[in-house]
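Asker: Would you mind keeping the following structure in view while I ask a few things?
The values are calculated or read from the model by the stated rules, or taken from the named source; none is laboratory data. In this text the structure is predicted, and so the values were computed from the model without any measurement. Please note: Cβ atoms are built from the backbone with ideal geometry, for glycine as well, and neighbour counts cover all protein chains shown. SASA here: full protein model, heavy atoms, side chains in, ligands and nucleic acids out. Shrake-Rupley method; radii C 1.70, N 1.55, O 1.52, S 1.80 Å.
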Amino acid sequence: MTGWIRVCALDDIAPLGSRVVASSQGDIAIFRTAADQVFGLHDKCPHKGGPLSQGIVHGNAVTCPLHGLKIGLKDGEAVAPDKGCAKTFAVKLDAGEVWLQLK
Amino acid sequence: MKKQKLVVVGNGMAGMRAVEELLKLAPDLYDIAVFGAEPHPNYNRILLSPVLAGEMTINDIILNPLGWYADNGIRLHVGKLVTKIDRVARKVVAADGTEEEYDRLLLATGSTPFMLPVPGNDLPGVISYRDIKDTDEMIATAATHKHAVVIGGGLLGLEAANGLKLRGMDVTVVHLMPWLMERQLDKVAADMLKASLEARGLKFLLEKQTEALLGGESGRVAAIRFKPAPGYDPGDGLEIPADLVVMAAGIRPNTALAESARLHCNRGIVVNDTMQTYDPRIYAVGECVAHRGIAYGLVAPLFEQAKVCANHLANFGIARYTGSVTSTKLKVTGIDLFSAGNFMGGPGTDEIVLNDAAGGVYKKLVVKNDTLVGAVLYGDTADGGWYFQLVKDGQNIRELRDQLLFGQNHVGDGGHAGVSKAASMPDEAEVCGCNGVCKGDIVKAIKSQGLFTLDDVRKHTKASSSCGSCTGLVEQILASTIGGAYTPADAKEKPICACTDHSHGVVRQTIRERHLLTIPGTMHYMDWKTPDGCATCRPALNYYLISTWPGEAKDDPQSRFVNERAHANIQKDGTFSVVPRMWGGLTTPAELRVIADIAEKYQVPTVKMTGGARIDLLGIRKEDLPKVWADLGAAGMVSGHAYGKSIRTVKTCVGAEHCRFGTQRSMEMGVKLEKMLFGMGSPHKVKLAVSGCPRNCAEAGIKDIGVIGVDSGYEIYVAGNGGIKTEVAQFLCKVKTDDEVKEYSAAFLQLYREEGFYLERTCHYVARVGLDHVKAAVVSDPLTRKALYERLLFALKDYADPWREAVEKPAVRREYQVIEIREAEVVS
Ligand SMILES: Cc1cc2nc3c(=O)[nH]c(=O)nc-3n(C[C@H](O)[C@H](O)[C@H](O)COP(=O)(O)OP(=O)(O)OC[C@H]3O[C@@H](n4cnc5c(N)ncnc54)[C@H](O)[C@@H]3O)c2cc1C
Ligand code: HEM
Ligand code: SF4
Ligand code: SF4
Ligand code: FES
């Protein structure tokens, strides 16, 4: 297991919410779903660079706040018929702590 | 358990739509087999016309490729004609001997073209216009022969004629009736249509009855002969040359198979409202069906039937088909023509007509008992969708009547250069000014993706998905591309979003009646289809809950759009803007100094005045927002609601305080209103203005509430709007005192808060419920007014300053903090 960095406690992220992590690879949005799964995406919408962290989280997707593109949290792919892909980052949950792996 | 067997006879548009709907509801219920007589998978029959016209190819119009059948485990017997149904053994048999047993059987055999019973109708070169085979033959003949005759001047005949002409043939349309498309048009519109088709080189022979088709030396058809009409002049020729004769004189429901199985047929296969035939195991949909005596020949009603049928096949048992109103659009590029409902009128109906022959515009609306029952439009069809909606909804149009003919005033909308003729727009013309979508993009998406609804087009192209002002144009493009296959959704019944089947109205009512208090609770009770909704329904639910049950239901920040979660306005680069509160637009030198200091301290890149007469600090990073608010708070100021679905600002003129014309103290009145409404959430944004005299310098005529001072008191106007479409506010009432202005304004806003649908501005709300309804609650009945006023004050009493909370409460403040990580300390 290489390159895992502790980010925050799960409780620091609201359910169906997100937090922004500043990294050397740009801002990363960490999302928490209703089922307490966590996901990481580059905080830039493939459409016009909107901050995905500020969107509304639903199911395993987030809706971009600027023009409403829906992005899947697992793979960063826009939900059809939209097109585009946001970079994903590996994020895991361990004993109530959120960890991030930088590539 | 062994799966039940479903057999479908007819691999066409209605049959496959029913199967698609069924798979959505119950993907694993049946083992499905499909028979189709044509050697093709299901294709979009209505696009045969663009194929003939050379605008598309057969490949473009396939709806369900062979892979789709395989992926869904469907056995497709392509090219096999079913010749027998054995209802006792419950099996069907095809001409080549293939058999399938069924537990349930779906007949979707479409129709057969009517071939005139005249001598020579079986000659080579005499065809119908129904399928790919016919289309291919027409294309091939156009390459080798010259003279084409189309029998029948209806929708189908004209599309065939237009296509053959574009393929280089010399085309004559022969029609029995005195004018073209008599089932869809009145004479005036039909004559305009004829003139513009003649200008394209088509020829017409009206009131001509065919006597015989004559063969030539090659054995192929060579000429057509007519019966002499009464008063016939022997000098007129009775024959014209014809190398190709296309019969487009009508269709007959294809009931042969059903009749051979002794199923009751009368015009079509007779079905009830659940699409069931007289044999309860056998269902039928599409053109082969007669429902309440009507056989439909357009796609839209067939799709409705398919949906109902699927519901019953899936054992849900709740849907009913009760018939359809249809509309017509001719798919000839460049011709704008639309008709719907009962356009001929008759006893008990009135007509509203506009006839501008020189300008090429004709509109006729047929009205009966204060409802619109039919419409014919030629030349300018931008409002076709709106009229069709009015016909379908049966909406009372008494109040609209004097403006009805001028349409929904789409032309007044910004963003598409006032264009109102969809079909004659060039492909490069921009339709959606918000998302930069051109007509060509939309047409391409409709054709290549097989789109049928406005929602589909919005999803695929983004056209009309932002401000919505081009919706009418997009609907028209959809209609002119797929013809009558397009039906607008029922506005009243439209589900909030794909997560639910319920409309805004039903959800609001259920939340109230069932005393629902949480979003998950509502979703559970109302059978939401997704676990936690989406960005469309969650904000709506959140609003309905907290506005219906103030003090009980808890606000859910995660179900709010970012602006309302962060209490500032997001900008395109992800920064925010802050608009410090200036009650009524008043400020002081000290406040201006504080604002200036903040702008310098946080290096605010842009400072500008807003349209609501406030100062906007643009480009503040989210992390800095709480600091900016703390600085404002330290100086005794608060931020403003310049971003929310809430009260925005009260704009004022200087009024009697300073103005030489002023009759009322408008600044003071404005401050009172803004303070009373502090923190009021609403279905959409709410803007007020107060002017001190009728010169109205605060532009109160385009506000949700506009107050205008007069010598004897105030006039109150409501439901104005200065946005996408300018709406002038309507006079509500006149009052005497400042307290009355507060009470009446609050009552109107509370009524809107309780009855408005989420994202419905006051102008749309009042248009929906009617100004009389508003007056009854707010003006004529003091008790109701007082109760509304009290309820608003109750809802606002505990409103906590959100900016202070963000400064003081760590849990809220977290929302604004970026997490810093130390990448050097990687655990390896
Ligand atoms: C050129 C053209 C343009 C049109 N334009 C429009 C338009 O603009 N707007 C609009 O709304 N509608 C339009 N229509 C009408 C529309 O296409 C039909 O209403 C619709 O296709 C009917 O669907 P259906 O499933 O009932 O029948 P079909 O689509 O005809 O499907 C029936 C299928 O069943 C097969 N079949 C029949 N009997 C058997 C059997 N015994 N065994 C096996 N298979 C069998 C047939 O071969 C056929 O493939 C147009 C039609 C044509 C021909
Ligand atoms: C002698 C009397 C009757 C006979 C022999 C009969 C037979 C049948 C058969 C064979 C089916 C098909 C079952 C299937 O789809 O697998 C059926 C379905 C059905 N019948 Fe009857 N029936 C009779 C009377 C009635 C009556 C009186 C009613 C209602 C008042 C009725 C209502 C229904 C309904 C609602 C269905 C289900 C249809 C569906 O699921 O789409 N039937 N019946
Ligand atoms: S501020 Fe309003 S009008 Fe201006 S670009 Fe934005 S949405 Fe359009
Ligand atoms: S509206 Fe009347 S009172 Fe107000 S500034 Fe204009 S002229 Fe003066
Ligand atoms: S930037 Fe995300 S939808 Fe436009």
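Asker: Given H placed on each backbone N at 1.01 Å, which residues far from A:E97 in sequence or on other chains put an amide H within less than 5 Å of it?
Answerer: A:L10
Asker: If I take every Cα pair under 8 Å that is 6 or more residues apart in chain A, average their sequence separation and divide by the length, what percent do I get for the relative contact order?
Answerer: 28
Asker: From the Cα gyration tensor of the range A:5-70, with a ≥ b ≥ c the square roots of its eigenvalues, which class applies: rounded if a/c is under 1.5, or else prolate if a/b is larger than b/c, or else oblate?
Answerer: Oblate, since a/c reaches 1.5 and b/c is not below a/b.
Asker: Further, regarding this structure: Please determine, in degrees from 0 to 90 and to the nearest 10, the orientation of helix B:625-634 with respect to the longest principal axis defined by the Cα atoms of chain B, where the helix direction is its Cα long axis.
Answerer: The angle comes out near 30 degrees.
Asker: What does the charge dipole of chain B about its Cα centre add up to, to the nearest 20 debye, if the Cβ of each Lys and Arg holds +1 and the Cβ of each Asp and Glu holds -1?
Answerer: The calculation lands at about 1040 debye.
Asker: In chain B, if the dipole is taken from +1 on Lys/Arg beta carbons and -1 on Asp/Glu beta carbons about the Cα centre, which of B:Y387, B:A189, B:V690 is farthest to the positive end?
Answerer: So the residue furthest toward the plus end is B:V690.
Asker: At a cut-off of 30 Å², which residues of the range B:545-590 become less accessible once all protein chains are present than in their chain alone, using a 1.4 Å probe?
Answerer: B:Q558, B:F561, B:R565, B:I570, B:K572
Asker: Shifting gears a bit: Order of B:761-774, B:689-702 by packing, highest average Cβ count within 10 Å first?
Answerer: In decreasing order of mean packing, B:761-774, B:689-702 become B:689-702, B:761-774.
Asker: For chain B, what is the convex hull volume of the alpha-carbon atoms per residue, in Å³?
Answerer: Looking at chain B, the number lands at 231 Å³ per residue.
Asker: Sticking with this one: If I take every Cα pair under 8 Å that is 6 or more residues apart in the range B:504-560, average their sequence separation and divide by the length, what percent do I get for the relative contact order?
Answerer: 36
Asker: Measuring from a point 7 Å past the Cα of B:D573 along Cα-to-C-beta, which residues in the range B:591-623 have an amide N at less than 14 Å?
Answerer: B:603-607, B:618-622
Asker: Mind giving me the nanometre distance, one decimal, between the label points for A:D94 and B:K133, set 7 Å out from Cα along Cα→Cβ?
Answerer: Distance between the two pseudo-spin positions: 6.9 nm.
Asker: What does the helix-only formula give at 222 nm for chain B: each DSSP H stretch with n ≥ 4 adding -39500 (n - 2.57), the total divided by the residues, and the result rounded to the nearest 500 deg cm²/dmol?
Answerer: -9000 deg cm²/dmol
Asker: Let me ask something additional. Size of the dipole of the range B:126-249 about the Cα centre, Lys and Arg at +1 and Asp and Glu at -1 on the beta carbon, nothing else charged, in debye to 20?
Answerer: Around 140 debye, computed over the range B:126-249.
Asker: Does the range B:126-249 come out rounded, prolate or oblate, given a ≥ b ≥ c as the square roots of the eigenvalues of its C-alpha gyration tensor, rounded meaning a/c under 1.5 and, failing that, prolate meaning a/b above b/c?
Answerer: oblate
Asker: What's the average, rounded to a whole number, of partner chain beta-carbon atoms within 10 Å of each residue's beta-carbon in A:53-66?
Answerer: Neighbouring Cβ atoms belonging to other protein chains average 6 per residue here.
Asker: Something else: Compute the helix-to-body angle for B:132-144: its Cα long axis versus the longest principal axis of chain B, expressed 0 to 90° and rounded to tens.
Answerer: Here the helix axis deviates by roughly 70 degrees.
Asker: Other chains near A:13-22: what is the mean number of their Cβ atoms within 10 Å of each residue's Cβ?
Answerer: Per-residue shielding by partner chains comes out at 5.
Asker: Okay, next question. Calculate the mean, over all residues of peptide B:619-628, of how many other protein chain Cβ atoms lie within 10 angstrom of the residue's Cβ.
Answerer: For this peptide, the per-residue mean of nearby foreign Cβ atoms is 1.
Asker: In nm², what is the average projected area of the convex hull enclosing the Cα atoms of the protein assembly as shown?
Answerer: 46.9
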